[in-house]
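Quick notes on the structure that follows.
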Amino acid sequence: CETGGACQGGDQRGGGVPMRRSRRRGVYLLPSLLTIGNLLCGVYAIVAAYNNDYTRSAAAILVALILDGLDGAVARLTNSQSDFGVQLDSLADLVSFGVAPAILSYAWAIKPFSQIGWLFGSIIPTALFVSSGAFRLARFNVQTRNLDKRYFVGLPIPAAAAVIASFVLFIRESPSLVAFQHELLSHRLTSALVVVTVYALSFLMVSRLRYRSLKGIEIKKRQPFTLLIGLTLVVLVIASEPSLVVFSFFFCYALSGIVRSIPLVKRRVPEPVEQPAGGEGNT
């Protein structure tokens, strides 16, 4: 208490008896439910990968990505952010975007072709991806109040997971790749690509590269009409070839941090001013 009296946690009324201010307990229901949905999608993705249902496993990770973005958006729109929500979101992200894609990549592409090399066939790529994701989330949690909300430092773990999940869907579900994969793209080559991708994503997550965040977009403000037309066109393109478009988007996003680090590009982009940041939730 600033007055130095005995008014800890409350005020004094009648006879100098201190009145403690009751603390509100509980959680914000809607954001927490979305976060739990994200977590359950990650658990389902792990189980599906264990049962060799790799398509559903990859789809569950992408659904978890959508739920993860929604819980952050709902929390900001309803002004229901809390420390509990931040920690719950990080734990759910580690399962859905750390453990689940690591197991998916291992079960689908690494384990069946373990004879191609020790660094390729061992558990190292899987363990490195999970560890890097955990380091990425921990670093974000301790730096979240000192970073520019427009940028992430290091590749966000949901984006890294989306690269793996969309790549699995692209290889397995894209009609244009079916004949190509049987004729030119061998399974061992696919396995090698997955391993290289897992190593690259792991290092990008713990790097100091800056990645643009979409949380700076003000959805409550009026936007140009052309933006609506552009978004409609994007939806139509995704609907025409979803696996290819989703993979291309997240792959280009993962490369964007590397491109921004090039000196020529770095001089053109002004350095952001540090501001308080929100959760990592969506990219």
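The values are calculated or read from the model by the stated rules, or taken from the named source; none is laboratory data. Computed from a predicted structure; not experimentally measured. Here Cβ is always computed from backbone atoms with ideal geometry, including for glycine, and neighbour counts include all displayed protein chains. All accessible areas refer to the heavy atoms of the entire protein, side chains included, with ligands and DNA or RNA removed. Shrake-Rupley method; radii C 1.70, N 1.55, O 1.52, S 1.80 Å.
Can you tell me which residue is modelled with the lowest pLDDT among those in segment 198-238 that are open to solvent by less than 80 Å² (accessible area, probe 1.4 Å) and of a type in the set (Phe, Trp, Tyr)?
TYR211
Given the conditions (1) open to solvent by 30 Å² or more (accessible area, probe 1.4 Å); (2) at pLDDT below 90; (3) within 24 Å of the chain's Cα centre (by Cα), which single one is not true for ILE171?
(1)
Being out of contact with any Gly (no Cβ under 7 Å at 6 or more places or on another chain) and either at pLDDT 90 or above or open to solvent by 30 Å² or more (accessible area, probe 1.4 Å) (or both) narrows it down to one residue among PHE135, PHE140, PHE152; which is it?
Just one listed residue meets the conditions, PHE135.
Return the residues of segment 59-72 that are crowded, with 18+ Cβ neighbours inside 10 Å and not acidic (Asp, Glu); say none if nothing qualifies.
ALA59, ALA60, ILE61, LEU62, VAL63, ALA64, LEU65, LEU67, GLY69, LEU70, GLY72 - these are the residues of segment 59-72 that are crowded, with 18+ Cβ neighbours inside 10 Å and not acidic (Asp, Glu).
Of the conditions (1) closer than 21 Å to LEU62 by Cβ; (2) in contact with a Leu (Cβ under 9 Å, 6 or more places away or on another chain); (3) modelled with pLDDT of 75 or more, VAL195 clears all except one; give me its number.
Going through (1) closer than 21 Å to LEU62 by Cβ; (2) in contact with a Leu (Cβ under 9 Å, 6 or more places away or on another chain); (3) modelled with pLDDT of 75 or more one by one, VAL195 breaks only (1).
Report, ordered by the first and then the second residue, all pairs with beta carbons closer than 6 Å, sequence separation of six or more or different chains, a first member in segment 56-83 that is more than 17 Å from LEU137 (Cα to Cα), and a second member that is of a type in the set (Ser, Thr, Tyr).
Partner pairs satisfying both residue conditions: ALA60/TYR44; SER80/TYR28.
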